[in-house]
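The values are calculated or read from the model by the stated rules, or taken from the named source; none is laboratory data. Nothing here was measured: the structure is a model prediction, and the numbers come from that model. Cβ sites come from the backbone with ideal geometry, for glycine too, and all protein chains shown count toward neighbours. Surface accessibility is based on the protein's heavy atoms, side chains included, excluding ligands, DNA and RNA. Shrake-Rupley method; radii C 1.70, N 1.55, O 1.52, S 1.80 Å.
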Amino acid sequence: MTDIRDDHVKVHFRLEVDEDGWPPASVESLWAVDLGDGTVRVDNTPWFVRGVASDDIIRVEVDEEGVRWAGETVRASENCTIRLIVLRDGGSAAARQTVLGTFHRLGTTGEGIEQFRMIALDVPPDADLPRILRLLEHGEAKGWWHWEEGCVTAAWRATQAM
């Protein structure tokens, strides 16, 4: 996401918190572009929401207080959401920035959050999926990070099957 304009709104997603207290919130709000027809286009990478990626079109319901709540996905983008917990150097800002830079060279965008030593990657369909997957697996084997799939596509799954 580059800048917030007047057409941007916050959309709230309900989250299921597991027995270990993860994710650390029961609601995540994401920036989205209001398309004016009861749908929005997600305009940032989710930290905790599963099954949603940037550029997905989501139906929203507005409650009596004007809060937009996410409903069904109307059209999934071809983007993937991958999340990492950075372990190297205690997940320091420098370590997170190095990881972001490394994945950026493979075609991703993303951001880090200090509180959870976490990185959320937006992986567009034209990114180097095989190299990204190999790097994710290599870094986990080396103890640099743990990673999970927040939202993946058929192209991502096909890469895993190779």
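Please report the carbon-and-sulfur percent of the accessible area for the range 1-130; probe 1.4 Å, protein heavy atoms only, DNA, RNA and ligands left out. Roughly 46 percent, rounded to a whole number.
Heavy-atom accessible surface of Arg59, to the nearest 10 Å², is about 100 Å², with a 1.4 Å probe and all protein chains retained. Each distinct pair of alpha carbons in the chain adds a 1/r term; the inverse of their mean, the Kirkwood radius, is 16.5 Å.
With a 1.4 Å probe rolled over the protein heavy atoms of all chains, the accessible area of Trp156, Trp47 falls in the order Trp47, Trp156, largest first. Rounded, prolate or oblate: which one fits the range 93-162, using the alpha carbon gyration tensor with axes a ≥ b ≥ c (rounded when a/c is under 1.5, else prolate when a/b beats b/c, else oblate)? Since a/c reaches 1.5 and a/b is larger than b/c, the shape of the range 93-162 is classed as prolate. When you work out D = kT/(6 pi eta Rh) for the range 65-108 at 37 °C and 0.692 mPa s, using the Kirkwood radius from C-alpha pairs as Rh and the Stokes-Einstein form, the result is 242 µm²/s.
Annotation: per residue accessible area for the range 1-60 equals 53 Å², rounded to a whole number [probe 1.4 Å, protein chains only]. For the pair the range 51-74 / the range 100-157, the C-alpha centres are spaced 25 Å from each other.
The residues neighbouring Phe116, those whose beta-carbon lies less than 13 Å from its own, together hold a net charge of -1 under the Lys/Arg +1, Asp/Glu -1 convention.
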